[in-house]
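Every number in this text was worked out from the coordinates using simple rules, so none of it is lab data. Worth saying up front: this structure is predicted, and the values here are computed from it rather than measured. Ideal geometry is used to build each Cβ from the backbone, glycine not excepted, and the neighbour counts take in all protein chains shown.
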Amino acid sequence: MIKKATFLISNTDHTKCPSPDKPEFAFIGRSNVGKSSLINMLANNKNLAKTSGRPGKTQLINHFLVDEKWYMVDLPGYGFAKVSKSIKADWEGMIQSYLSNRENLVALFVLIDSRLEPQKIDLEFITWCGENGIPIVLVFTKADKQSWPKTQSSIAKFIKASKAIFEEAPLYFVTSAENAKGKEELTGFIETQVEE
Ligand code: GDP
């Protein structure tokens, strides 16, 4: 259970991020996947992460300090249909260098909409993570939105697709910001990693 999360700094450059003196956990996903809602639910603060950005808005790496023990990072979402090639290239450059160079990164939570068939853009992103040794954990969001058997079936398809990328199926959580499903499991996982 997170007691206190405070905003520290926003950056476009990983070299200007807080010094890597604490374990770090970052969140990323297609825009509108529910990332801000998930972060706010985990942090017990409805206003911590700003919900739903607009295409083309400034893309930033946002650092939060949690319980004085670990960094939570809200990364800009991918997959806006309408952004220009130069914004896409900026996003890729910033995110890829952050992920490849951030030495204290313990896990990158990649959020996937639990209602959807595996999406090309998500599979492409996790393929890049696999090729670059980024420690990902999958988070299937919005699990309240459809019947559980349907949710299970779309999750199973995504896990199957991700097995083709990683040797073993990645660890995953199933969450809902609507009814707090998965909240304790996910924070519990982070806390175990922080304690180690
Ligand atoms: P972001 O762009 O990834 O940060 O997504 P947001 O957190 O802003 O959420 C996008 C939309 O999905 C908003 O309308 C949210 O209210 C909705 N949403 C997010 N998480 C959930 C969830 O777990 N359940 C339901 N039913 N809606 C959600």
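A few remarks follow.
- All positions within the range 19-45 that are closer than 18 Å to ILE136 by Cβ, assigned to a loop (DSSP other than H, G, I, E, B) and more than 9 Å from the ligand (Cβ to nearest atom): PRO23
- Residue match in the range 46-68 (condition: acidic (Asp, Glu) and within 15 Å of the ligand (Cβ to nearest atom)): no
- Residue within the range 64-71 that is within 15 Å of the chain's Cα centre (by Cα) and not polar (S, T, N, Q) present: yes
- Given (1) within 16 Å of the ligand (Cβ to nearest atom); (2) closer than 27 Å to ILE61 by Cβ; (3) more than 15 Å from the chain's Cα centre (by Cα), index of the condition LEU108 fails: (3)
- Residue satisfying condition, being within 16 Å of the ligand (Cβ to nearest atom), among the aliphatic types (A, V, I, L, M) and either out of contact with any Ser or Thr (no Cβ under 8 Å at 6 or more places or on another chain) or closer than 30 Å to ASN101 by Cβ (or both), within set VAL139, VAL174: VAL139
- Positions within the range 142-171 being within 15 Å of the ligand (Cβ to nearest atom) and free of Cβ contacts under 8 Å to residues at least 40 places away in the same chain, in sequence order: ALA143, ASP144, LYS145, GLN146, SER147, TRP148, LYS150, THR151
- Those strands (runs of 3 or more DSSP E) lying entirely in the range 102-196 with at least 2 residues in contact with a Phe, Trp or Tyr (Cβ under 7 Å, 6 or more places away or on another chain) and under 28 Å from LYS16 (Cβ atoms): 105-113, 136-141
- Cβ-Cβ under 8 Å pairs, at least 6 apart or on other chains, the range 175-196 side without any contact (Cβ under 8 Å) to a residue 40 or more places away in the chain, far side aliphatic (A, V, I, L, M): SER176/ALA143; LYS181/ALA143; LYS181/VAL174
- Any hit, the range 102-122, residues being charged (D, E, K, R) and touching a His at 6+ places or on another chain (Cβ under 9 Å): yes
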